[in-house]
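Everything below concerns the one structure shown next.
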Amino acid sequence: MRKRARQPHRRPGGPVFLNEWMVALNVSDDDLAKRMRVRRETVWRWQDAPNRLNPQKIAQIAEALMIEPIDLWRHPDRISLDKAARHIKDSKSLERLARYIGDLPPSGA
């Protein structure tokens, strides 16, 4: 009986923006390796194949970078609607903010 070829491991939601966050936060490979008590080569592997990171490792990396784990799934240059909307109470203002950020299509579209 033939063995089935193993499918590559994929994470839902696409790859994380590890490299971009490290640049934005001015964190070097060595810095992250020291913070996480791993070898620099391990950080290189994470950067090379971020889609292979498991949720626990993503949470640990985010903690070391002092950001929320969910932030790693968005580019650091993109505003987080969740963070921007924390203090907005009325739906019209929230809708305007979402359109400004680009998470909603223009009204009437």
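Where a number appears in this text, it was derived from the coordinates with a stated rule and is not lab data. Small disclaimer: the values here were computed from a predicted structure and weren't measured. Backbone-built Cβ (ideal geometry, glycine too); neighbour counts: all protein chains shown.
For this structure, a couple of remarks:
- The residue 86 and residue 44 beta-carbon pair, evaluated with R₀ = 30 Å, returns a calculated FRET efficiency of approximately 0.25.
- Per-residue ³J(HN,Hα) for the stretch 67-79, Karplus 6.51 cos²θ - 1.76 cosθ + 1.60, θ = phi - 60°, Hz, x for Gly and Pro: 10, 7, x, 4, 5, 5, 8, 10, 5, x, 7, 9, 5
- Count Lys and Arg as plus one, Asp and Glu as minus one, and take only other residues whose Cβ is under 12 Å from that of residue 46; the net charge is then +2.
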